[in-house]
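Worksheet: one structure, shown below.
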Amino acid sequence: MTKRLTETTAQMDCAIGSRIRSIRLLRGMSQMALAEQLGITFQQVQKYEKGTNRVAASTLVIISGALQVSPMELLGLEADAGKNTAFAELTHRYRDLELRVAHARRALGSDDIAPETSVTIGVEIDKAGRMQPLVGSPPN
């Protein structure tokens, strides 16, 4: 039973760290910049993001403030997915990017490119709670 609990908590530590990393990158922030805001070393941020070191609850609250998200979002427990969550923001940015690419294609006169050469961009959340980019051709 102890081994199972240890495995579960290790997975949760990795998932929380992955969310910290994803949101930090979404904010365009380096590990060094986040570390400076928190008053810790970038190596410590790196250990949190990898799940090597467990994030204390008080530290999680401080990190969430630095990343401008709720602590619940870092835990993967955001109650209202329709709220302005980092995931919703990331999805919005990808859609905006797709629109910009479409406008650029029209401006360059490359609107006649076959649909199978188009690329869609999206994200999904894997079992560990990490945001994974999806890149591929649109469905027919």
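The values are calculated or read from the model by the stated rules, or taken from the named source; none is laboratory data. Quick caveat, the model's predicted, so the values are computed rather than measured. FYI the Cβ positions are ideal-geometry reconstructions off the backbone, even for glycines, and counts take in every protein chain you see.
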* To do: Please enumerate the residues belonging to segment 1-25 that are within 17 Å of E89 (Cα to Cα) and surrounded by fewer than 17 Cβ atoms within 10 Å (Cβ to Cβ).
  => L25
* Structure fact -> Flagged in segment 21-49 as among the basic types (K, R) and either modelled with pLDDT of 95 or more or not in a helix (DSSP H, G or I) (or both), in numbering order, are R27, K47
* In this structure, does T41 turn out to be touching a residue at least 24 places away in the same chain (Cβ under 8 Å) and polar (S, T, N, Q)? -> no
* Asked: Within segment 66-77, is even one residue at pLDDT below 85 and either crowded, with 17+ Cβ neighbours inside 10 Å or of a type in the set (A, V, I, L, M, F, W, C) (or both)?
  -> yes
